[in-house]
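Trainee: Take a look at the following structure, please.
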Amino acid sequence: LSLNTILSDKSMVFRKSGDVITQFLSHYRSGSLKPFYRSEPAPPPENGPGRNVTVLTGDTFRSFVMDAPGEHTMVMVHSPTCGHCKRFSTFWNEFGSLVEGLNWSSVVRVAKIDASRNDVPHDAVDPRELPAAYYFSPGEKGAP
């Protein structure tokens, strides 16, 4: 390989990289970029005893909580390695069963999200304070 070949190949790489950066900046300025959230794959919907709490992920949080303006939603943010979270999770599952048993599931939805494997796309939710329960009222999803 000659030096001219190597230099032309490198300039081609830089030119292509420059195009990608220019494209990224134009998308950023237009507001068409979508944020990236760390997320587990969405679990399959489960029915039956003890399955009254919906498991959310980084990808399903927005559609379940934020895109349901007329719904009351209770969300527990937890980590499976946290001892306090494990104890609170038992009560949270009982709460979900109570809501289902009293036929309140049409009034309030109960969910949980693992903050160690998922980003929570809401500015008011602090994933460092675990366990935590948040109530998202209808029409006021921005301030739990």
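Trainee: Just to confirm the filter: which trypsin sites (Lys or Arg not before Pro) across region 87-144 are DSSP coil and have at most 10 other Cβ within 10 angstrom of their Cβ?
Mentor: Here the trypsin sites (Lys or Arg not before Pro) that fit, given the DSSP loop and packing criteria, are Arg128.
Trainee: With no solvent and one point on each alpha carbon, what is the Debye value of log10 I(q)/I(0) for region 44-144 at q = 0.23 Å⁻¹?
Mentor: -1.36
Trainee: Go through region 69-128 and name the chymotrypsin sites (Phe, Trp or Tyr not before Pro) that are in a DSSP coil and have 13 or fewer other Cβ atoms within 10 Å of their Cβ. If you can, show how the numbers build up before the last one.
Mentor: Numbers: sites: Phe88, Phe91, Trp92, Phe95, Trp104; in loops: Trp104.
The qualifying sites are Trp104.
Trainee: On to the next question. Classify region 22-86 from the C-alpha gyration tensor, please: rounded if a/c falls under 1.5, else prolate or oblate depending on whether a/b exceeds b/c.
Mentor: Prolate.
Trainee: Additional query: Full-extension gain between Val108 and Thr22, please, as 0.36 nm times their residue separation minus the C-alpha to C-alpha distance.
Mentor: Extra length from Val108 to Thr22 when fully extended: 26.4 nm.
Trainee: Right, another one. Using a Förster distance of 22 Å, how high is the FRET efficiency between Glu100 and Ala124, based on the Cβ-Cβ distance and rounded to 0.05?
Mentor: About 0.25, to the nearest 0.05.
Trainee: Write out the GluC sites (Glu not before Pro) in region 100-144 meeting two conditions: DSSP loop, and at most 15 other Cβ atoms within 10 Å of their Cβ. Mind showing how you got there, number by number?
Mentor: On the way: sites: Glu100, Glu129, Glu140; in loops: Glu129.
Passing sites in region 100-144 are Glu129.
Computed from the coordinates by the stated procedures, all read-outs in this text should not be read as laboratory data. Just so we're clear, the structure is a prediction, and the values are computed from it rather than from any experiment. For neighbour counting, all protein chains shown are included, and Cβ atoms are generated from backbone atoms with ideal geometry for every residue, glycine included.
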